[in-house]
Amino acid sequence: MRGFHCVDPSHERIEFTGADDEELFQNIKAHTTEAHPQLTDSQVREMMAGEAWWKEMATSGNNAGSSPSAYDK
């Protein structure tokens, strides 16, 4: 099982899970389509992979507390 969580001032913390990375991506994408439409599929996958730009955002500012990458649950 894979996990990821989103923290944003526009909503409370949301936990996502999936049997694998693809299922996790689909669950996150369903959320970002509504809550964060500016994010591309590539950006979501980069967030899951823990790209440097996302790690910086996930630990500071409005997104502090978000997952810096996908993790095993």
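One table, with the values for the structure above:
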{"quantity": "Pairs with Cβ under 7 Å, 6+ apart, first in segment 7-23 and under 13 Å from Asn62 (Cβ atoms) and assigned to a loop (DSSP other than H, G, I, E, B), second of a type outside the set (A, V, I, L, M) and open to solvent by 80 Å² or more (accessible area, probe 1.4 Å)", "calculated": "Pro9/Asn62"}
{"quantity": "Qualifying residue in segment 65-72 (condition: in contact (Cβ under 8 Å) with a residue 24 or more places away in the chain and open to solvent by 60 Å² or more (accessible area, probe 1.4 Å))", "calculated": "yes"}
{"quantity": "Residue in segment 53-64 that is of a type in the set (D, E, K, R), in contact with a helix residue (DSSP H, G or I) (Cβ under 9 Å, 6 or more places away or on another chain) and open to solvent by 40 Å² or more (accessible area, probe 1.4 Å) present", "calculated": "no"}
{"quantity": "Failed criterion for Gly3 (all others in (1) open to solvent by 60 Å² or more (accessible area, probe 1.4 Å); (2) assigned to a strand (DSSP E or B); (3) among the small types (Gly, Ala, Ser) hold)", "calculated": "(1)"}
{"quantity": "Residues within segment 33-67 that are of a type in the set (Asp, Glu) and either under 10 Å from the mean Cα position of the chain (by Cα) or not in a helix (DSSP H, G or I) (or both), tallied", "calculated": "2"}
{"quantity": "Filter result (within 12 Å of the chain's Cα centre (by Cα) and open to solvent by 70 Å² or more (accessible area, probe 1.4 Å)) within segment 13-32", "calculated": "Arg13, Glu15, Asp21, Gln26"}
{"quantity": "Scope segment 40-52; condition buried (at least 16 other Cβ atoms within 10 Å of the Cβ) and either touching an Asp or Glu at 6+ places or on another chain (Cβ under 7 Å) or over 15 Å from Ala70 (Cβ atoms) (or both); matching residues", "calculated": "Met48"}
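The values are calculated or read from the model by the stated rules, or taken from the named source; none is laboratory data. Bear in mind the structure is a predicted one, so any value in this text is a computation, not a measurement. Glycine gets a Cβ as well: all are built from the backbone with ideal geometry, and neighbour counts include every protein chain shown. In case anyone asks, the SASA skips ligands and DNA or RNA and just uses the protein heavy atoms, side chains included. Shrake-Rupley method; radii C 1.70, N 1.55, O 1.52, S 1.80 Å.
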